[in-house]
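As structure tokens, the structure follows; a few thoughts come after it.
The values are calculated or read from the model by the stated rules, or taken from the named source; none is laboratory data. Just so it is clear, the structure is predicted and the values come from calculations on it, not from any experiment. Here the Cβ positions follow ideal geometry from the backbone for every residue, glycine too, while neighbour counts run over all protein chains shown. The area values use the complete protein model at the heavy-atom level, side chains included, leaving out ligands, DNA and RNA. Shrake-Rupley method; radii C 1.70, N 1.55, O 1.52, S 1.80 Å.
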Amino acid sequence: MHGSPMFSGRGQWRSHPKDDRHQAIEDALRVFLQSHNSNRLFASVIKKSVVSPRDPVEVAFEQLASRFDKYLMRLHRNGDTHRGIIIFDKSTYETTIQSLATDFRTIGYTWGVIRNFSEVPLFLDSKASRLIQLADLVAYAIFRHFEKGDNRFFPIIEPRFDSEGGVVHGLHILQ
């Protein structure tokens, strides 16, 4: 399940009516919404020209890693001492992101040192992982909202962005 082919009706989705495809995306996103209440989303939306000449992938990963680490710190303060792990779809950025993660744990990043990751980020082939396919649908909902102005899917996932005291920490927007 990948957002773009499902939405547009490409590949195996070609024979399915548009309304059915869009409903399938909504249904899959609702599975996450209705999953365990502690599940949280973290995302970074960046307009490339705003961070130039920096690599937007590096900026986005720093935001995601720092926000996820802060979330884990909040849990730790409340007696939940779990560590976290970030899992990505296979990508050409694997080496870059793993190197950044190591630097963030040893040297630090803009706001400190990552303390609560159990491992460097893992990269899985989305064809082998339904969880990564769900993450792709979440990313597609975010893309449709911010890039296309399409608000059909975003409200489904919006309540799951990490927040505390009315402040949303799990969604970083730089446009």
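Does any residue of the range 132-142 turn out to be small (Gly, Ala, Ser), out of contact with any strand residue (DSSP E or B) (no Cβ under 9 Å at 6 or more places or on another chain), open to solvent by less than 30 Å² (accessible area, probe 1.4 Å) and touching a residue at least 40 places away in the same chain (Cβ under 8 Å)?
yes
Here's a check for you: in the range 3-17, which residue that is open to solvent by 60 Å² or more (accessible area, probe 1.4 Å) and assigned to a loop (DSSP other than H, G, I, E, B) is farthest from Phe143 (Cα to Cα)?
The qualifying residue farthest from Phe143 (Cα to Cα) is Ser15.
Could you say which residue among Phe161, Phe146 is open to solvent by 30 Å² or more (accessible area, probe 1.4 Å), touching a strand residue (DSSP E or B) at 6+ places or on another chain (Cβ under 7 Å), touching a residue at least 60 places away in the same chain (Cβ under 8 Å) and of a type in the set (Phe, Trp, Tyr)?
Phe146
Those residues that are open to solvent by less than 80 Å² (accessible area, probe 1.4 Å), in a helix (DSSP H, G or I), of a type outside the set (A, V, I, L, M, F, W, C) and in contact (Cβ under 8 Å) with a residue 60 or more places away in the chain, I need them from the range 18-52; list them, please.
His22, Glu26
I'd like to check which helices (runs of 4 or more DSSP H) are fully inside the range 76-165 and have at least 1 residues that are over 17 Å from Ala65 (Cβ atoms) and of a type in the set (S, T, N, Q).
Result: 130-148.
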